[in-house]
Amino acid sequence: MILQTALLIGLVIFSVLAIALKDLLKSAISLAVSSLLLGIIFFRMNAPYAGVFEISVVAGLITVLFILTIALTKSGDEVRESKLVNWVFPLVFVAFLVIDALVMKGLLGKVPALASGPEAGTFGEVLWRGRTLDLVGQIAVILAGVFAVLALFRKRDKHD
Amino acid sequence: MTNTWYLYLFFAAALVFAGLLGLLGKRNLIKLFIAIGVIGKGISLLLLSTGFAKANILTAQALVITYIVIEVSLVATALALIINIYRHTRSLDIRDLAKLKG
Amino acid sequence: MIILFVVLPLIVAGILPLVGKVSRRVLPDLLANATLLFLLVYAAVAGRALIAGGAVLQQSAWLGEAVNLRLALDGFSLLMLVAIALVGFAASLFSIDYMEHYGAKANYYALYLVMIAGMNGLVLATDLFSVYIFLEVAAVASYALVAFGLGHDELEAAFKYLMLSVAASAFIVAAIAVVFGMTGSLDFAAVASALQELNAGPVLVIASAFFLLGFGLKAALVPFHAWLPDAHPSAPAPISAVLSGLLIKVSGVYAMTRIFLNVFGLTPALSTVLMWLGAVSLVVAAFLALGQKDMKRMLAYSSISQVGYVVLGIGIGTPLGIAGGLFHLFNHALAKGLLFLTSGSVQQATGTRDLDEMGGLAKRMPITAATNLIGALSIAGVPPLNGFWSKLLIIVALVQAGHPVFAVIAVLASVLTLWYYLLMQRKAFFGKLNEKWASVKEAPFWMTAATVLLALLCVGIGILFTSTITTWIQPAADVLADGVHAMTGSWGF
């Protein structure tokens, strides 16, 4: 449990770093590291499939997409973030953490839940037989993404 | 719900809030997207830990995997938008995207 | 074979890029429109027979093994399917001519069909997470479609739309996770019965609030509306028609209504919140519409306002209120779809959306002017058009349920609506013909055909409103009203 908590703290730290760091490349790598940590957290929760997906897809594929975009949009002038934001937001975040902790402590045991029975079947069966419609949805969303990228990168000869 | 669920909920909420703060405050378009990625992590952590707490880890994994696939499509589309915006305005600053009034 | 509603558009979308390589215009046009026409006929004709004996639950078997492809078709879903097919078909017809100068028609139709598939999947799903998936399917397709023209405005609008949508999705999934945590399942019926066992009061309030935040953003209710007035005008006209006419209603109002009325249960508190949200949207957006010079922006604000009307009606919770809200949802889909299409005709002919630059277009574009007038009067609620009856139902329901103040607000807002629509008509179509437009021609064939189709429907439904209500609206309202009765008082607060 201690290791898990440490991993969770690391996850939050690297995620916040990813948002806060000035250099875009370091941001992307920080995001990848936090994805890696999340994947390990998933593994330790007996969720190997989710862990593998998180590491290979989010830490892998999405990071590559980010780095590709960063490379394609290298401009001479950097975007200057607001100074006020840089001061105020960490304070707001810490305040939120305090409120969060208090709320969670207060909610301990208060969320009613039905006892659930053991899960039937293997992961494959649950995914392919139990949540088949989700798979149709996945195909649809992949199609949407593919067509979106094709549409947005098409050769523009003339448009409205 | 088991007590560990609340622990995970704490971190998930922190992640989502950090991401929302990032969406509100950051100006660089790519940073805004990183903030969205962080929100996604928070939500997938929430989903999986809920399944874990209810001993329904297999269903939760199926949900998280689907969620990640959706996220990939979303990120691909968004980055395509960003690259196109960059080609138009030569800038990644969201303040340069203030033509429309909302 | 209810699954066709989701799978057929996807398959056609999948083969469209290949078809597009062979034939750049004719085959994609043909394929896409044929698909939508088929869906329309199937929903309108076979749909009613299917649900004649109660809701149909289709559980498919795949290669001999039972898989969980559970899709449910009841009155409410059928009403949405018909609306989606109608407006989807009309906008697609319109696209045959309108999208010519955008290029990449096959790609456009592919995205369009994926969006339709997503919306169909959403209304047929029986599972909270499936609703979310198909919501995202339609959303991702819509981001690309809004930005399709690749101009600065479109890209900006699409990006902001995307950002707000992602925030909305986060809240929706968070609520789903909480419900999953409490009940251990995601299926509508299972969750509904589980919630009745649990005494989940406060946590359910939080989940409801998250759903309201998320779906309210998708439906563009005030104060979550900021993305719509930029996104809908910038999109190509047929996409604006589908976004305003369908997407905000399917991803926003349908999802919210289904979950609140059939799964959570409509408590008095929730009813009040919905009614207030609806009324605020109705009034605020109507005022904001008044000052608009851009034709499509005015229509966009009007959409926000009318969706407020729908939510107000459904929020009452009485069978009459629900029926009125659903009828108005349907009518607005037709009429607003029509108006965005005619605005596209005007934009293509004159090159502008600025109302002050137009004038007297009725002389050069009589059909467009006439259909636009019908659409405007329908939304403004002028008898005997369809909009009049749905608004009347809602107002009567408000009075009957003991909310006279809301009824007065609704009537006043209708007057406002009529005013700004007449303004738009006068500025764009009537009055003296601005010499700039002296050589403007009527819109091309398919564009006019699409608008005439929708206009005829507005008139027809207005005249035949009783049979429309009994055949289409009543079954839908019954499904929801049953849900209200079953739930109310189960977790009293």
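The values are calculated or read from the model by the stated rules, or taken from the named source; none is laboratory data. Here the structure is a predicted model, which means the values were calculated and not measured. Using ideal geometry, Cβ is built from the backbone for each residue, glycine included, and neighbour counts are taken over all protein chains shown.
Within region C:3-51, being surrounded by 13 or more Cβ atoms within 10 Å (Cβ to Cβ) and among the basic types (Lys, Arg) holds for C:Arg24, C:Arg25, C:Arg48. Within region A:9-17, does at least one residue satisfy the condition of being in a loop (DSSP other than H, G, I, E, B) and either in contact with a Leu (Cβ under 7 Å, 6 or more places away or on another chain) or over 23 Å from B:Leu9 (Cα atoms) (or both)? The answer is no, given that none of the residues of region A:9-17 is in a loop (DSSP other than H, G, I, E, B) and either in contact with a Leu (Cβ under 7 Å, 6 or more places away or on another chain) or over 23 Å from B:Leu9 (Cα atoms) (or both).
Residue pairs whose Cβ atoms lie under 7 Å apart, sitting 6 or more positions apart in sequence or on different chains, and linking a residue in region B:7-35 that is at the interface with another protein chain (Cβ under 7 Å from one of its Cβ atoms) and of a type outside the set (Asp, Glu) to a partner that is buried (at least 24 other Cβ atoms within 10 Å of the Cβ) and in a loop (DSSP other than H, G, I, E, B), are B:Asn28/B:Leu92; B:Ile30/B:Leu92. When B:Ile68 is tested against (1) facing chain A (nearest Cβ under 8 Å); (2) over 12 Å from the mean Cα position of the chain (by Cα); (3) surrounded by fewer than 24 Cβ atoms within 10 Å (Cβ to Cβ); (4) part of a helix (DSSP H, G or I), only condition (2) is not met. Taking every residue in region C:95-110 that is at the interface with chain A (Cβ under 10 Å from one of its Cβ atoms) and touching a residue at least 40 places away in the same chain (Cβ under 8 Å) and pairing it with any residue that is assigned to a helix (DSSP H, G or I) and among the charged types (D, E, K, R), at least 6 positions away or on another chain, the pairs with Cβ-Cβ distances below 9 Å are C:Met99/C:Lys105; C:Ala106/C:Lys21; C:Tyr109/C:Asp29.
A quick yes/no check of all residues on (1) outside the structural domain of A:Leu8 (by TED's automatic domain parsing); (2) buried (at least 19 other Cβ atoms within 10 Å of the Cβ); (3) without any contact (Cβ under 8 Å) to a residue 60 or more places away in the chain; (4) in a helix (DSSP H, G or I):
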residue	(1), (2), (3), (4)
A:Asn46	no, no, yes, no
A:Ser56	no, no, yes, yes
A:Ile67	no, no, yes, yes
A:Val103	yes, no, yes, yes
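Beta carbons closer than 9 Å, at least 6 apart along the sequence or on distinct chains, pair a first residue in region C:364-385 that is touching a residue at least 60 places away in the same chain (Cβ under 8 Å) and assigned to a loop (DSSP other than H, G, I, E, B) with a second that is of a type in the set (Gly, Ala, Ser) and surrounded by fewer than 24 Cβ atoms within 10 Å (Cβ to Cβ) for C:Arg364/C:Ala349; C:Arg364/C:Ala438; C:Arg364/C:Ser439; C:Met365/C:Ala349; C:Pro383/C:Gly462; C:Pro384/C:Gly462; C:Leu385/C:Gly462. Out of C:Ser130, C:Ser169, C:Ser142, one residue alone is within 16 Å of the chain's Cα centre (by Cα), among the polar types (S, T, N, Q) and either under 15 Å from C:Leu246 (Cβ atoms) or within 13 Å of chain A (Cβ to nearest Cβ) (or both). It is C:Ser142. Counting the residues of region A:87-101 that are more than 8 Å from every other protein chain (Cβ to nearest Cβ) and either of a type in the set (D, E, K, R) or surrounded by fewer than 13 Cβ atoms within 10 Å (Cβ to Cβ) (or both) gives 6. Select from region B:83-96 the residues that are of a type in the set (A, V, I, L, M, F, W, C) and surrounded by fewer than 21 Cβ atoms within 10 Å (Cβ to Cβ) and write down the one among them that is farthest from the other protein chains (Cβ to nearest Cβ). Here the residue is B:Ile94.
Residues that are out of contact with any Gly (no Cβ under 8 Å at 6 or more places or on another chain), of a type in the set (Lys, Arg), at the interface with chain B (Cβ under 9 Å from one of its Cβ atoms) and closer than 30 Å to B:Arg90 by Cβ occur at least once in region A:70-80. C:Thr318 fulfils the conditions (1) closer than 14 Å to C:Phe94 by Cα; (2) surrounded by fewer than 24 Cβ atoms within 10 Å (Cβ to Cβ) except for a single criterion, (1).
Going through (1) within 24 Å of B:Gly19 (Cα to Cα); (2) more than 9 Å from every other protein chain (Cβ to nearest Cβ); (3) surrounded by fewer than 24 Cβ atoms within 10 Å (Cβ to Cβ); (4) among the hydrophobic types (A, V, I, L, M, F, W, C) one by one, C:Val191 falls short only on (1). Test A:Val52 against the criterion of being within 7 Å of chain B (Cβ to nearest Cβ), surrounded by fewer than 22 Cβ atoms within 10 Å (Cβ to Cβ) and without any contact (Cβ under 8 Å) to a residue 40 or more places away in the chain, and give yes or no. In short, no. Pairs are defined by a Cβ separation below 9 Å, a sequence spacing of at least 6 or placement on different chains, a first member in region C:12-28 that is in contact (Cβ under 8 Å) with a residue 24 or more places away in the chain, and a second member that is surrounded by 17 or more Cβ atoms within 10 Å (Cβ to Cβ) and assigned to a loop (DSSP other than H, G, I, E, B); the pairs so defined are C:Gly20/C:Ala104; C:Arg24/C:Gly103; C:Arg24/C:Ala104.
For region B:1-27, a residue qualifies if it is crowded, with 22+ Cβ neighbours inside 10 Å and either assigned to a loop (DSSP other than H, G, I, E, B) or among the polar types (S, T, N, Q) (or both), and exactly one does: B:Lys26.
Any idea which of C:Leu454, C:Leu416, C:Leu412 is modelled with pLDDT of 85 or more and loosely packed, with under 14 Cβ neighbours inside 10 Å? Let's see the steps before the verdict.
Details: C:Leu454 fails: loosely packed, with under 14 Cβ neighbours inside 10 Å; C:Leu416 fails: loosely packed, with under 14 Cβ neighbours inside 10 Å.
Only one candidate passes the filter, namely C:Leu412.
Residue check: is B:Ala55 outside any helix (DSSP H, G or I) and facing chain A (nearest Cβ under 7 Å)? Answer is yes for this residue. Do the conditions hold for C:Ala117, that is, is it facing chain A (nearest Cβ under 9 Å), on the phi < 0 side of the Ramachandran plot and of a type outside the set (D, E, K, R)? Against the criterion (facing chain A (nearest Cβ under 9 Å), on the phi < 0 side of the Ramachandran plot and of a type outside the set (D, E, K, R)), C:Ala117 qualifies. Just to be sure I understand, how many residues within region C:421-434 are within 16 Å of C:Gly387 (Cα to Cα) and in contact (Cβ under 8 Å) with a residue 60 or more places away in the chain? So the count comes out to 1. Taken over region A:1-15, the criterion of being over 12 Å from the mean Cα position of the chain (by Cα), facing another protein chain (nearest Cβ under 8 Å) and within 21 Å of A:Ser56 (Cα to Cα) is satisfied by A:Leu8 alone. If the condition is being of a type outside the set (Val, Ile, Thr), surrounded by fewer than 21 Cβ atoms within 10 Å (Cβ to Cβ) and in contact (Cβ under 8 Å) with a residue 60 or more places away in the chain, then region C:461-474 contributes only C:Gln474.
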